[in-house]
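Just below is one structure, and these are the notes that go with it.
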Amino acid sequence: MDVVRHGRIAALITEVDLDQPLGTPDDLLAHEQLLDATAAVVPVLPARFGAVLADRRVTVEELLAPSHDEFAAALQDLEGKAEYMATARYAEGTVLRDVVAADPKLRRLRELIRDRPEAATRNERIALGQAVNDAIDALRQVDGRRVAETLAPLAAAVVVRDATGDFDAANVAVLAEMSREPELLQALDDLGREWAGRVELRLRGPLAPYDFVAELRPET
């Protein structure tokens, strides 16, 4: 890894062998690890993974120089801040029991298929599965907002990401002062005690502010 400086800003670069395939999972992991480690020390603006520039001169002429003032201002705004990712995941057995117990329609469907052959209740099982998914999705919307509202007073900005897994309850990114990390952890601990046995909460960070800066897209 090397540093290309221009005025008040700099780019972190790594030389690549163009005869080798680019964009492997290991490359992506290394890219993220470098950005996150840098963000824990100084402000960083994440560039698009896989961006390739011809040489150091082009890095200055096509990336750093044209946007110097814009980048410098954005870095100044990020001084002392980093992204933190709060994730929440449902306890599978608990959430399934809760959503069925809360909805008479789901209880009726469950009773219809109880102790009956799978082949004879195929339509009912499909309907039950879809209804359960819909119920969990509705619950996810509520719980995701709750996580965001819990962390918002401690953050400069909040982004609620879409949940990706069947039993993910929330993915909430916050931009916050790194000095407030203990407060973020405490807020999630308090919420975790309220949700004990139903939802598991975790906080990752400091991370590069992927969700809070315009993505840099230098020409390749």
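No lab work stands behind these numbers, since they all come straight from the coordinates. What you see is a predicted model; the values in this text were computed from it and never measured. Note that we place each Cβ from the backbone using ideal geometry, even for glycine, and neighbour counts take in every protein chain shown.
Annotations
- Axis angle, to the nearest 10 degrees, between helix 92-102 and the longest C-alpha principal axis of the chain: 50 degrees.
- Where labels lie 7 Å past Cα in the beta-carbon direction, separation of V159 and R48 in nm: 1.5 nm
- The residues neighbouring V160, those whose beta-carbon lies less than 13 Å from its own, together hold a net charge of -1 under the Lys/Arg +1, Asp/Glu -1 convention.
- Ordering of 68-78, 202-212 by packing [mean C-beta count within 10 Å, highest first]: 202-212, 68-78
- Placing a label point 7 Å from the Cα of Q141 along the Cα-to-Cβ direction, the residues of the stretch 147-189 whose backbone N falls under 20 Å of that point are 147-150, 159-173.
- Relative contact order, percent, the stretch 13-112 [alpha-carbon distance under 8 Å, six or more residues apart]: 26 percent
- For the stretch 98-160, the dipole from Cβ point charges (+1 on Lys and Arg, -1 on Asp and Glu) about the Cα centre works out to 180 debye, to the nearest 20.
- Between the residues A72, P43, V199, the greatest Cα displacement towards the positive end of the dipole of the chain, with unit charges on the Cβ of Lys, Arg, Asp and Glu, is found for V199.
- Environment charge at E124 (Cβ cut-off 11 Å; Lys +1, Arg +1, Asp -1, Glu -1): +4
- Relative contact order (percent, whole number), the chain, Cα cutoff 8 Å, 6+ residue spacing: 32 percent
- Charge dipole of the stretch 82-207 about the Cα centre (unit charges at C-beta), most positive-ward option of Q130, N171, A120: A120
- Only the Cβ atoms of Lys and Arg (+1) and of Asp and Glu (-1) were treated as charged; on that basis the dipole of the chain about its Cα centre amounts to roughly 1120 debye.
- Shape category assigned to the chain from the gyration tensor of Cα positions, a/c cut at 1.5: prolate
- With R₀ fixed at 45 Å, the C-beta to C-beta distance from Y210 to E111 puts the FRET efficiency at about 0.45.
- Estimated FRET transfer efficiency (R193, L29; beta-carbon r; R0 35 Å; 0.05): 0.55
- With Cα atoms, 0 to 90° folded angle of helix 104-113 axis to the chain main axis: 70 degrees
- Computed over neighbours whose Cβ is under 15 Å from that of L29, the net charge equals -3, Lys and Arg +1, Asp and Glu -1.
- Remark: relative contact order (the stretch 110-220) = 18 percent; criterion is Cα-Cα distance under 8 angstrom and separation of 6 or more residues.
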